[in-house]
Amino acid sequence: MSLYCEVALPVPLDRTFTYALRGGQQPRRGSRVIVPFNKEKLIGIVMSVTDAPPVGFEARNIEAVLDQTPEGEPAQEPLLSEALLSLAEWIAQYYLAPIGEVLRGMLPLMAEVRRTLYYRITDLGRDILADSLESQAGIPFAAKTKAKLSAEEQNIHRRVLEKLASGEPVKVSTLRTATGASLAVLAALVRKKWIARETAAAERDARRTERFAVLVPEMRLPALTPKQQAILAELAACGGEIALAELRKRDLPSSTLQTLVRRGLVRIDERPAAFRLGGIDSSAGPIRLNEPQTDALASIASALGGAFHAFLLHGVTGSGKTAVYLAAMQRALDLNLASILLVPEIGLTPQTAGLLDAAFGQRVALLHSALTPEERSEQWRRIRSGDAPIVVGTRSAIFAPVPNLGLILVDEEHDQSYNQEETPRYNARDVAVMRAKFANAVVVLGSATPSLESWHNSEQGKYKRIEMRDRVNQRPMPEVELIDMRSEFQQTGQENLFSRSLIQQTQAALERGEQAIILLNRRGYSFAVMCRACGAKLECQNCAIALTHHKPPAEDGLAREGQRLECHYCGYRRTVPARCPQCDSEHLFYLGAGSQQGEERLTEIFPTARIGRMDRDTVRGRHDLERLLARLHSGEINLLVGTQMIAKGHDIHGVTLVGVVGCDHALSMPDFRAAERVFQLMTQVSGRAGRGELRGRVVVQTHHPDHYAIISASTHNYSTFVEKELKYRRWMHYPPFGVLANVLIQSPKLEEAVAWSAILGKWFQQSTPQGVRVLGPCTAPVARIKSIYRFHLILKATSRKTLNSVLRAMLAHAESANIPRRNLTVDVDAQRLM
């Protein structure tokens, strides 16, 4: 029997931790365990087991093994397979991410563990409590801390300390109920070191269940009250049973139901809760592939079940890539192989889920962040058991524990949403390629506008390229009209949000009974609020960013008290002031227009139109999105305005006109990918037009009509754009002709962030090898987010091996210089340099 194991914990440290096993505990590599760490109980993953004791310290005992096979039963496979563990180790090595945090992202099973928070008094807290007991002799409660506390605050603090005085830990809910202390007060006492925070963890049953009221047959009915008769009649009308949740919606009292249960007329059954895949209903019937689709499918299908193969599926918008995906998944199923389909955003999931539900039914599982923890756990278990060999989801779905993985499909592979912006940072597209390589599976990267990195890989022969150059049924590509907004201003003398041509063509489309979409890629009503007198912008108190102006819905009126300013980074909100906070001027000016203002203007211009808006303010969950898309598909909405959420993947046959407003502002961003992103966004949103029987038309408003990205997108010419953009990238040694990393130094204290940046900057000056160029350190483009100050360095190199080596040496130097790992973020292959 092994005596010790190495455990990866979800902490920002690049190492594993040694723990001792107690009698009967025999976890395997990939199993979950609960272990003590500092004063908390954490869930970790066993990376190895050994007989060798640790050197120099005594190992603490493992609290519990969550995935241990009960004695006498056949040994089960570990929760994480060897393939997923190997993938996690690759991610940790490639992206320089702590292995424990990588594994935490792979296991969405937090619903299966109950975490309890406790508080305990410290020695300092006992001293403070002793002072308070002597306060009648004139010693103030907080004399030792020199704190300025009100009488009420002192009373709350005293009650907390008295409740904890016995020395036994007290659960947070019990402590708050007994003392009236808020979480903020308890956190403040922890910072003062008067009390200590501890956690405990234990396994719990996370299975979702539903309770049903079931009519008991062949029972003699006694005298019943009208309410009892109503419940029995409802049950009879529903086939003899009804969910309790549904019964409550019908205003039938639960006390009456309990009376019927006691009298033996009704029983309560508890059953596993059903999961509704959801999505937009698809009843189009069997899919028939045209010749380009058939050829694409043949290339993919011929590689299934063998060695690793990578394909880049380059198909214009409307060429039918989704039909190829569905057919390829069916071929994989025929070979008893599982498939994973990644989509960039939840916004694409309802439509895709509807298609998959129609094609594969209950064999489909869904994974994305809008699911509850219980739903995610349930879906994960279904996938692992083999009940759901088809998985669709956003970037985290690449970690789905599918057995017999044969096919991975990455839709809209160019999309920035595949890049994880939090630790562990990774790009799901690249992880998909590596997962397919580890599993000897096929990976297909699909897009109408492939990323330059993927295109370059196909040029180098790393990926096999499949081309689909025409739309389904030979439908023509939409005609694109460029409106020069500089000329528009000269001719009208006004700075209008919508050009005359866009208004006229939208009106014509609506009169013909067609639908129109207008992209306005900014949230809110106005970008910013500025004082005309002193020039100050109203900024977030936590972030170095201008607050976005939001108005209330039209029915609430437009009074100042109903308006708000909001930070889209941290969520901070405040009312719109009547005067400038800096100079007390009343001359506040609202800059720019967002999707909310666009909706308001369109309502004024087209009063009879049925207008909808799609952005993060109107779509806060998957059900909101499903309802909005259902209204759009049914024709209930005939004019949709929104942010880039409307640009991706939606297939609405009634849309014949697309307007693009303010898309080119991104060209002025300090980002070498700015032109690529503008081209991709324009091409994708243009592709929403003309997907039905009628030809589409696109009106693009721009201040840069001569820019190569705008011209290439307007002529649907990807190759021309790629040729010019790659030329610039080659000159500047940017990806794909070099490798890039962004090192971010963060601290809530400005002086710490500056000092740490200087330490690393000096080290890079002395230690940077040939072939690596370091830019910085300097203030990050967004200098402060959520009260955290940010500085960064950008590293460019010709060799990935060299870059990785330099970054590891930098992390080692940071550790020796006492720079905490949690304050240092390494973003390899950074997609955003913010």
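The values are calculated or read from the model by the stated rules, or taken from the named source; none is laboratory data. On a predicted model such as this, the values are computed, not experimentally measured, just so you know. Cβ placement follows ideal geometry from the backbone for every residue including glycine, while neighbour counts extend to all protein chains displayed. The area values use the complete protein model at the heavy-atom level, side chains included, leaving out ligands, DNA and RNA. Shrake-Rupley method; radii C 1.70, N 1.55, O 1.52, S 1.80 Å.
Quick check: residue separation of His733 and Arg267 times 0.36 nm, minus the Cα distance between them. What number comes out in nm? Kindly include the intermediate steps, with their values, before the conclusion.
Working: separation 466, 0.36 × 466 = 167.76 nm, distance 7.20 nm.
Fully extending the segment from His733 to Arg267 adds 160.6 nm.
Could you give the size of the charge dipole of the chain about its Cα centre, using +1 on the Cβ of each K and R and -1 on the Cβ of each D and E, expressed in debye and rounded to the nearest 20?
It works out to roughly 1320 debye.
Excluding residues on the same chain fewer than 8 positions from Lys648, give the lysines whose Cα lies under 19 Å from its Cα.
Leaving aside lysines fewer than 8 places away in the same chain, those within reach of Lys648 are Lys321.
Pull out the extension gain between Glu481 and Phe672, defined as 0.36 nm times the separation in residues minus the alpha carbon to alpha carbon distance; nm, one decimal.
66.1 nm
Note the direction-averaged projected area, equal to a quarter of the hull surface, for the Cα convex hull of segment 655-744, in nm².
7.1
With +1 on the Cβ of every Lys and Arg and -1 on the Cβ of every Asp and Glu, and nothing else charged, how large is the dipole of segment 397-474 about its Cα centre, in debye rounded to the nearest 20? Intermediate values should be presented prior to the final figure.
Values: 9 positive and 11 negative charges, 72 e Å.
For segment 397-474, the charge dipole is close to 340 debye.
How much of the accessible area of segment 434-546, probe 1.4 Å, is carbon plus sulfur, in whole percent?
42
For segment 726-834, go through all pairs of different Cα atoms, get the mean of 1/r, take its inverse, and jot down that Kirkwood value in Å. Let's see the in-between values first.
Details: mean 1/r = 0.0706 Å⁻¹.
14.2 Å is the Kirkwood radius here.
Take each of the peptides 18-28, 639-649, 427-437, average the number of other beta-carbon atoms within 10 Å over its residues, and list them starting from the highest.
My ranking of the peptides, most packed first, is 639-649, 427-437, 18-28.
What per residue convex hull volume, in Å³, do the alpha-carbon atoms of segment 387-445 yield?
Measuring per residue, one finds 81 Å³ for the Cα hull of segment 387-445.
One-quarter of the Cα convex hull surface for the chain, in nm²?
Mean projected area for the chain: 45.9 nm², to one decimal.
Can you give me the Rg/Rh ratio for segment 333-482, using Cα atoms for both radii and the Kirkwood formula for Rh?
0.99
Could you give the length gained on full extension between Asp624 and Phe438, defined as 0.36 nm per residue of separation minus the Cα-Cα distance, in nm? It would help to have the intermediate numbers written out before the result.
On the way: separation 186, 0.36 × 186 = 66.96 nm, distance 3.77 nm.
Here the segment from Asp624 to Phe438 would lengthen by 63.2 nm.
Just the projected area, averaged over all directions, of the convex hull on the alpha carbon atoms of segment 510-639: how many nm²?
Average projection, Cα convex hull of segment 510-639: 9.0 nm².
Enumerate the lysines that Lys801 could reach by cross-link, defined here as Cα to Cα under 29 Å, with residues fewer than 8 away along the same chain left out.
Lys437, Lys462, Lys464, Lys724, Lys727, Lys762
Which aspartates and glutamates does Lys786 reach when only Cα atoms under 18 Å apart count, and residues fewer than 8 places away in its own chain are ignored?
Qualifying aspartates and glutamates at Cα under 18 Å: Glu421, Glu422, Glu539, Glu566, Glu751, Glu752.
May I have the pair-distance distribution P(r) for segment 446-539, computed from all Cα-Cα distances with 5 Å bins from 0 and rounded to whole percent?
In order of increasing distance, the bins hold 2, 8, 10, 11, 13, 14, 12, 11, 10, 6, 3, 1 percent.
Kindly write out, for segment 373-390 in residue order, the coupling ³J(HN,Hα) from the Karplus curve 6.51 cos²θ - 1.76 cosθ + 1.60 (θ = phi - 60°), rounded to whole Hz, with x marking Gly and Pro.
Those phi angles translate into x, 5, 5, 5, 4, 5, 5, 4, 5, 4, 5, 5, 6, x, 6, 10, x, 10 Hz.
Rounded to a whole number, what % of the accessible area of segment 583-711 do carbon and sulfur atoms account for, probe 1.4 Å?
51
Using +1 at the Cβ of each Lys and Arg and -1 at the Cβ of each Asp and Glu in the chain, identify which of Leu289, Val214, Pro54 lies farthest towards the dipole's positive end.
The Cα lying farthest towards the positive end belongs to Pro54.
Quick one: if the Förster radius is 60 Å, what FRET efficiency do Gln460 and Asn155 give, using the C-beta to C-beta distance and rounding to 0.05?
The computed FRET efficiency comes out at 0.25.
Using a 1.4 angstrom probe and counting only protein chains, how large is the accessible area of Arg610 in Å², to 10?
120
In terms of modelled amide H atoms, which long-range or inter-chain residues lie less than 5 Å from the amide H of Ile195?
Thr122, Val190
Where does each of 294-301, 571-578 land if you order them by average Cβ count within 10 Å, highest first? Please list the in-between numbers first.
Values: 294-301: 18.4, 571-578: 13.8.
Packing proxy ranking, top to bottom: 294-301, 571-578.
Could you calculate, for segment 446-492, the ratio of the Cα radius of gyration to the Kirkwood radius, expressed as Rg to Rh?
1.25
Could you work out the helix-only [θ] at 222 nm for the chain, with each DSSP H run of four or more residues adding -39,500 (n - 2.57) and the total divided by the number of residues, to the nearest 500 deg cm²/dmol?
Calculated mean residue ellipticity at 222 nm is -10000 deg cm²/dmol.
Which three extents, in angstrom, do the Cα atoms of segment 597-656 have along their principal axes, listed largest first?
The Cα atoms of segment 597-656 stretch 30, 25, 18 Å along their principal axes.
Students often check this: by mean Cβ neighbours within 10 Å, which of 450-457, 499-506, 165-172 ranks highest, and how do the rest follow?
For the peptides 450-457, 499-506, 165-172, the packing ranking is 450-457, 499-506, 165-172.
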